[in-house]
Amino acid sequence: MWCCGNQQEESEQEEPTMESLSNSDPGSERRASKMIEKQIRKDKKAYRSTQRLQLVGLDGSGKTTLIRQMKLLHNNELMSDRKQAKARDLIRTNIQKAVILILKSAPGDHLNETRTKLLAYEDTDKVDEAFYTMASEVWADSTIKEFVKHVEVRGGYEVLNNIDYFLDRMAAIAKADYIPSRMDVLKSYTPTTGIFETQIQIEQTVFSLHEVNCGQTGSRWTQYSQDVTAVIFVADASSYDVIINPAKGLTLLHETLIYFHSLWNDPNLKQKSVILFLNKQDCLEKKIKSKRSHLSWFFPEFSKYKLPPNIVTELDHPKNVEYFGAKYFIRDCFLQIAQEDCNMSHQCYSHFTSAIDTDNIGKLLTNCCRDIVQRVHLRMHEIL
């Protein structure tokens, strides 16, 4: 009985640590050295088998939403109580900041009394039932809705991105038992500050994604891109009418093209392929079909653009002609830059995306990542 008990105790003992080995018999240093070497080999193997992707784009392009989709799709990430509480606080903070920003910026003085009361919540961390009641009254005003519909979501207004979605659901969000849905999490706004790493596993391969806000870091990150397998460039395709420099007539899409040009020609990325995500296709389609903001107003050359013949045959409805023309014109603006200097190791692969569309992102990511792994193997065997 004693022997059995002793064996069980021995089997439950933890593996020896470096510290325990170094303080034991004379051969402990040799065993500790072997353990270190074993761990180094293990870490090297994991590092070599991990594909590193750099996810870059200007603020508001949808990078964070893409990361969230990846984690939900491929990490089987469930919303724990802690994460639900964090998402709930984020969404409520988005609403609080958005309502105050709207009241500070929207024209008209017919809401002055309510405006004064709501602005008192600007410096508080928590909001109460009275806030949501007054905010609902403000959102019911047609002038406010019209302002939000046409405001440029940039330069401090990024929190208004998708805010109509949350303001329409304010009554449910204000309840104590509110649990954010998957779509709520995807549509919430979190600014990217600095560089963040996220790991996901697609099939048998681990991908390490480094998210970079180009507007803050510029191209400084490229000097550390030696081990990057590919760059994912996320562009907001619907930002063609978001004016950032009225004097020069520059829009956010112009600025995105300028940054893409500098990134494509960066000496540190000459041997890296770029996966171009022309994001927010749902927003682009709405803008084009509304006919309130024509692409040719900001890109005059669009008026002479003709769809490629193979694309014309794919049109499912004549009403989609202008939208298809817009999205392929924008794609060609980027591909024209990529054609300036490309080689077998420096290619651009474009895709139309909507970061909140789970099916679209799920299929696209799986196909892209398979292609990346295949190309890595071809290069290893000097076939590509």
Practice task
Can you pull the one-decimal nm distance between simple spin-label points at residue 227 and residue 261, each 7 Å off the Cα toward Cβ?
Solution key: 3.4
Practice task
Per residue of region 131-136, in order, report the coupling 6.51 cos²θ - 1.76 cosθ + 1.60 (Karplus, θ = phi - 60°) as ³J(HN,Hα) in whole Hz, putting x for Gly and Pro.
Solution key: 4, 5, 5, 5, 5, 5
Handout entry: HN-Hα J in Hz across region 50-64 - Karplus 6.51, -1.76, 1.60, θ = phi - 60°, x for Gly and Pro
Key = 8, 8, 9, 10, 9, 9, 10, x, 6, 4, x, 7, x, 4, 5
Completion exercise
Non-local residues with an amide H under 5 Å from the amide H of residue 276, with H modelled 1.01 Å from N and Pro and chain starts lacking one, are 233, 349, 350, 351
Completion exercise
Excluding residues fewer than 8 positions from residue 145 in its own chain, the lysines with Cα under 26 Å of it are 97, 104, 117, 126, 175, 187, 280, 286, 287, 289, 291
Completion exercise
For region 81-179, averaging the sequence separation of alpha carbon pairs under 8 Å that lie six or more residues apart and dividing by its residue count, the contact order in percent is 38
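Could you work out the local net charge near residue 261, counting Lys and Arg as +1, Asp and Glu as -1, over the other residues with Cβ closer than 13 Å to its Cβ?
On the way: positive: none; negative: 255, 266, 340, 341.
Summing Lys/Arg as +1 and Asp/Glu as -1 gives -4.
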Handout entry: 5 angstrom amide H check on residue 355, placed H, neighbours 5+ away
Key = 280, 281
Fill in the blank from the handout: For region 253-261, Karplus-derived ³J(HN,Hα) couplings (6.51, -1.76, 1.60; θ = phi - 60°; whole Hz; x for glycine and proline) come out as 5, 4, 4, 5, 5, 4, 5, 4, 4
Completion exercise
The extension gain from residue 322 to residue 244, computed as 0.36 nm times the residue separation minus the Cα-Cα distance, is 25.6 nm
Fill in the blank from the handout: If R0 = 35 Å, then residue 201 and residue 33, at their Cβ-Cβ distance, give a FRET efficiency to the nearest 0.05 of 0.65
Exercise for the section: Once you have a ≥ b ≥ c as the square roots of the Cα gyration tensor eigenvalues for region 227-280, tell me rounded if a/c is under 1.5, and otherwise prolate or oblate according to whether a/b is larger than b/c. Expected result: oblate
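Quick note: the coordinates plus some simple rules give every number you see, no bench work behind them. Treat the numbers as computed from the prediction; the structure is a model and nothing was measured. Every residue, glycine as well, gets a Cβ built from its backbone with ideal geometry; the counts of neighbours run over all protein chains shown.
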